[in-house]
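The values are calculated or read from the model by the stated rules, or taken from the named source; none is laboratory data. What you are looking at is a predicted structure, and each value in this text was computed from that prediction instead of being measured. Counting neighbours? That spans all protein chains shown, and the Cβs are built from the backbone with ideal geometry, glycine included. Protein only, heavy atoms only, side chains kept; ligands, DNA and RNA dropped before computing areas. Shrake-Rupley method; radii C 1.70, N 1.55, O 1.52, S 1.80 Å.
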Amino acid sequence: MNIVFDFGGVVFRWHPASFLARVWPHRVADLEQGATVAEQFFENYGGDWGAFDQGLIDADTVIQRIAARTGWPEAEVAQVLAAVPDELQLQSDMAALINELKQAGHRLFYLSNMPEPYADHLEQAHPLREWFEAGVFSGRVKHSKPRTEIFKIASELFGLAPEACVFLDDHPANIEAAHALGWQALLFTTAAQARQDLSALMR
């Protein structure tokens, strides 16, 4: 199989509500409040953060734009951006699954909405080239999921027809977009569920 992994919320930890509760305890008292603040901060990965994801603006610009839009001090917004690499912790159960799939002879790739600074961090902190044959970061190709363009870029880079790809992602909109383009796609919830879903496809 040709298995394509999303990164944030799948291979690496990304839980904005608890992340913001940790980084901004003076603003976020619990997960419910964290979810509300995350929606304001990240705008469901559209708006300012979406432009950052696509590499259309840099970190300084997204800090200025979020601060201007929300009224939060630039220094506090910058604090959140600086804390993102620590949030993106490798999930041990997913590392085990990647190793199992690789050992079994499956071809592994990645397709991630990731601003360039965090893409650079992940490449420096983890042996991505050992785990994956190739991958696409949104910040480097100036397109992001769920837009059609990034899926086309990925399938061309991987040298695979869309129907030959099995995509794991934790956002339903990205799964729907992949399906619409002919990809096989599985909504990620846990490593155990992903293992079960992939095993079902292999039968």
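With a 1.4 Å probe and every protein chain kept in, tell me what percent of the accessible surface of the chain is carbon plus sulfur.
Numbers: 4640 of 9440 Å².
C and S fraction of accessible area: 49 percent.
Give me the tail of P(r) for the chain as a percent: Cα-Cα pairs with distance above 21 Å.
52
Using Cα pairs closer than 8 Å and at least 6 residues apart in sequence, work out the relative contact order for the chain, in percent.
Details: 302 pairs, mean separation 51.8, N = 203.
After rounding, I find 26 percent.
Quick one: which residues, 5 or more positions from A185 or on another chain, have an amide H under 5 Å from its amide H? H modelled 1.01 Å from N in the peptide plane, none for Pro or chain starts.
Residues meeting the amide H criterion: F167.
Could you give me the ³J(HN,Hα) list for segment 70-86, computed from phi with Karplus coefficients 6.51, -1.76, 1.60 and θ = phi - 60°, whole Hz, x at Gly and Pro?
9, x, 6, x, 4, 5, 6, 5, 4, 4, 5, 4, 5, 8, 4, x, 5
What does the charge dipole of the chain about its Cα centre add up to, to the nearest 20 debye, if the Cβ of each Lys and Arg holds +1 and the Cβ of each Asp and Glu holds -1?
Values: 15 positive and 27 negative charges, 80 e Å.
The dipole of the chain has a size of about 380 debye.
Kindly provide the chymotrypsin sites (Phe, Trp or Tyr not before Pro) of segment 114-203 that DSSP labels as loop, not H, G, I, E or B, and whose Cβ sees at most 15 other Cβ atoms within 10 Å. Numbers along the way, then the final one.
Values: sites: Y118, W131, F132, F137, F151, F158, F167, W183, F188; in loops: F132, W183, F188.
For chymotrypsin sites (Phe, Trp or Tyr not before Pro) across segment 114-203 that sit outside H, G, I, E and B with at most 15 neighbouring Cβ atoms in 10 Å, the list is empty.
Starting from the Cα gyration tensor of segment 56-159, multiply each eigenvalue by 5, take the square root, and state the resulting semi-axes largest first in whole Å. Each step should come with its number before you reach the end.
On the way: eigenvalues 180, 65, 19 Å².
Square roots of five times the eigenvalues give 30, 18, 10 Å.
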